[in-house]
Ligand code: AMP
Ligand code: GLY
């Protein structure tokens, strides 16, 4: 089968790496892909949100199956467009992708489905949002309604900071129309987990549990990023928590989406806060997490194509995903300055070193003048396996230490929570 993967980050390299090992994949394409996918797929020079270009390419190449990595093309309706043209594609429809495209829609669905989540209020004008701060309890959380590349959320204990964020979001429109409406919600203490399932519109199968590290600095300090590292399995998702997430979160959400007329097919990612043993939903994403995809794809041990095809056929429950019986850890190496401004174009050394049980997934890289250079905030995802999280972590850090580029940095405490628990 000819398979197309849409996207060009670390998540898409990990998906390509896993799908490329499927015996039924005869040819793999990535649009746009990156230097990491180049040896295993044909990279196609099309942006992930160039829907018309992607459709024309898929038709010309007679692509049998398409997998969508990032949220932007999903929110723009790539699944509807491909399906309408008779092409098989794995991901949610535009209407179902509103779960990630609009936090207001997501919250309304949570309330309709009776799923535990933080109490919240919605605001469409800055003055009433700011006056709400006078009576609100701190710490609180402020969220832009629309997509903001992981930067549209402020967790704060400080009223002035909250006012500034509201002014920037609703007044100066730093996230564009994504900040026309905001949510202010209750702060939930606890430990986070990324719970990702493959859904077929009605039923679902969970992937292995995972956890990422959203803050930029060690000790969970500094601003939120797209994710500085991830590991799987996540010990915070105990058997009991897992059962509660299936029963109290995923099943009622899929039912409510069906009733709403937008059944959900694709990777459904529940951002969970486990608070006193109970799962609360912080957000839904309509795709695999990045960097959660790196350890998850590393540990996936069956034919991923079979699972995704079954979901598109509405028959996901017939497939039981198989997992490597060990742990995987991904350490993200980032450009100095990320998630703020950073310089690009630095040559990367040490990419070709061989290390057993490690894959260096590319994210923000490109080829320039015969060299691989930095081209994004999150540059690489060094991903390693091991019998335990601790062993996988050591292996990932040993490999990361052999990579060099100007101004690079990475967190030194990835997986610390899981290790400390043991
Ligand atoms: P979100 O994009 O909604 O997942 O928010 C990004 C991050 O902000 C989450 O991963 C949490 O670390 C934090 N966060 C969001 N909502 C809350 C909340 N209600 N209570 C505590 N932390 C939160
Ligand atoms: N790692 C968080 C996300 O993919 O949204």
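Worth a mention:
- Residue check for residue 199: touching a residue at least 12 places away in the same chain (Cβ under 8 Å) and either in a helix (DSSP H, G or I) or closer than 29 Å to residue 335 by Cα (or both): no
- Counting only helices (runs of 4 or more DSSP H) that sit wholly inside region 234-328, those with at least 2 residues that are crowded, with 22+ Cβ neighbours inside 10 Å are 251-259, 293-299, 304-312.
- Within region 159-188, the set of residues being assigned to a loop (DSSP other than H, G, I, E, B) and either over 17 Å from residue 282 (Cβ atoms) or modelled with pLDDT under 95 (or both) comprises 172, 173, 174, 175, 180, 181.
- Of all residues in region 390-422, those being within 19 Å of residue 220 (Cα to Cα) and either assigned to a loop (DSSP other than H, G, I, E, B) or in contact with a strand residue (DSSP E or B) (Cβ under 8 Å, 6 or more places away or on another chain) (or both) number 12.
- Looking across region 235-266 at every residue that is within 16 Å of ligand 1 (Cβ to nearest atom) and at pLDDT 95 or above, the one that is farthest from residue 313 (Cα to Cα) is identified as 237.
- Some residue of region 158-181 being within 16 Å of ligand 2 (Cβ to nearest atom), closer than 29 Å to residue 409 by Cβ and in contact (Cβ under 8 Å) with a residue 40 or more places away in the chain: no
- When each of 278, 283, 292 is tested for being closer than 25 Å to residue 410 by Cα, touching a residue at least 40 places away in the same chain (Cβ under 8 Å) and within 16 Å of ligand 1 (Cβ to nearest atom), the lone residue that passes is 292.
- Total residues in region 1-15, condition outside any strand (DSSP E or B) and either over 16 Å from residue 364 (Cβ atoms) or in contact with a helix residue (DSSP H, G or I) (Cβ under 7 Å, 6 or more places away or on another chain) (or both): 5
- Residues considered: 110, 54, 74. Of these, the only one that is crowded, with 22+ Cβ neighbours inside 10 Å, within 16 Å of ligand 2 (Cβ to nearest atom) and assigned to a helix (DSSP H, G or I) is 74.
- Those residues of region 87-106 which are touching a strand residue (DSSP E or B) at 6+ places or on another chain (Cβ under 9 Å), in a helix (DSSP H, G or I) and surrounded by fewer than 20 Cβ atoms within 10 Å (Cβ to Cβ), in sequence order: 104
- Enumeration of residues in region 16-25 that are under 23 Å from residue 366 (Cβ atoms) and either surrounded by fewer than 24 Cβ atoms within 10 Å (Cβ to Cβ) or in contact (Cβ under 8 Å) with a residue 40 or more places away in the chain (or both): 17, 18, 19, 20
- Residue that is farthest from the chain's Cα centre (by Cα) [pool: residues in region 146-181 that are more than 23 Å from residue 73 (Cβ to Cβ) and within 12 Å of ligand 1 (Cβ to nearest atom)]: 157
- Any hit, region 338-359, residues being under 30 Å from residue 199 (Cβ atoms), modelled with pLDDT of 95 or more and buried (at least 20 other Cβ atoms within 10 Å of the Cβ): yes
- Scanning region 226-271 for residues that are within 16 Å of ligand 2 (Cβ to nearest atom) and more than 28 Å from residue 66 (Cα to Cα) turns up 234, 236, 237.
- If you go through region 142-157 and keep only what is more than 16 Å from ligand 2 (Cβ to nearest atom) and within 19 Å of residue 188 (Cβ to Cβ), you end up with 142, 154, 156, 157.
- Of the criteria (1) more than 22 Å from the chain's Cα centre (by Cα); (2) closer than 21 Å to residue 77 by Cβ; (3) touching a residue at least 60 places away in the same chain (Cβ under 8 Å), which one residue 60 fails: (3)
- Qualifying residue in region 116-133 (condition: touching a residue at least 24 places away in the same chain (Cβ under 8 Å), under 22 Å from the mean Cα position of the chain (by Cα), part of a loop (DSSP other than H, G, I, E, B) and more than 16 Å from ligand 2 (Cβ to nearest atom)): yes
The values are calculated or read from the model by the stated rules, or taken from the named source; none is laboratory data. Here the structure is a predicted model, which is why all the values come from computation and not from measurement. When we count neighbours, we look across all protein chains shown, and the Cβ atoms used for this are built from the backbone with ideal geometry, even at glycine.
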